[in-house]
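Single-structure report; data block below.
The values are calculated or read from the model by the stated rules, or taken from the named source; none is laboratory data. Remember, it's a predicted structure, so these values are computed and weren't measured experimentally. Ideal geometry is used to build each Cβ from the backbone, glycine not excepted, and the neighbour counts take in all protein chains shown.
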Amino acid sequence: MAKTFHLTIAKIGENLFDGEAVSVTVPGAEGVLTVLANHEPFVTPLKEGTIHVETAEGKQTFELAQTGILEVSNNQATVII
């Protein structure tokens with residue numbers, strides 16, 4: 001079984017995703033980046049683009065139509081749009 005981490009993708013008034021993920025790939029301000037379980041902590045701005053989430057059940061995509069921020073720490077990742 002693949003290692004997972006808790007992922008939350010939210011915007012004001014709405015949770016788009018809240019659950020366990022195998023990976024998340026986001027459009028970082030300086031390039032595309034992928035987060036896996038037990039990733040080193042960091043915070044980075046995001047630009048417009050597509051967020052790709054892989055879970056044990058399959059893959060999901062979310063369109064990021066505006067800038068956002070990604071925070072990773074303690075085996076959790078949070079994307080705020």
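Table for the structure above
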item	result
Every pair of residues 6+ apart whose Cβ atoms lie under 8 Å, when the first sits in region 47-64 and is acidic (Asp, Glu) while the second is surrounded by fewer than 16 Cβ atoms within 10 Å (Cβ to Cβ) and not in a strand (DSSP E or B)	Glu48/Ala65; Glu48/Gln66; Glu48/Thr67
Selected residue (criterion: surrounded by the most Cβ atoms within 10 Å (Cβ to Cβ)) from residues of region 7-24 that are within 12 Å of Val53 (Cβ to Cβ) and out of contact with any Leu (no Cβ under 7 Å at 6 or more places or on another chain)	Leu7
Which numbered condition Lys59 fails, given (1) modelled with pLDDT of 95 or more; (2) charged (D, E, K, R); (3) surrounded by 14 or more Cβ atoms within 10 Å (Cβ to Cβ)	(3)
Residue in region 36-45 that is touching a Leu at 6+ places or on another chain (Cβ under 6 Å), at pLDDT 95 or above and crowded, with 16+ Cβ neighbours inside 10 Å present	no
Per-region count, region 46-56, residues over 12 Å from Ile9 (Cα atoms), surrounded by 12 or more Cβ atoms within 10 Å (Cβ to Cβ) and not acidic (Asp, Glu)	5
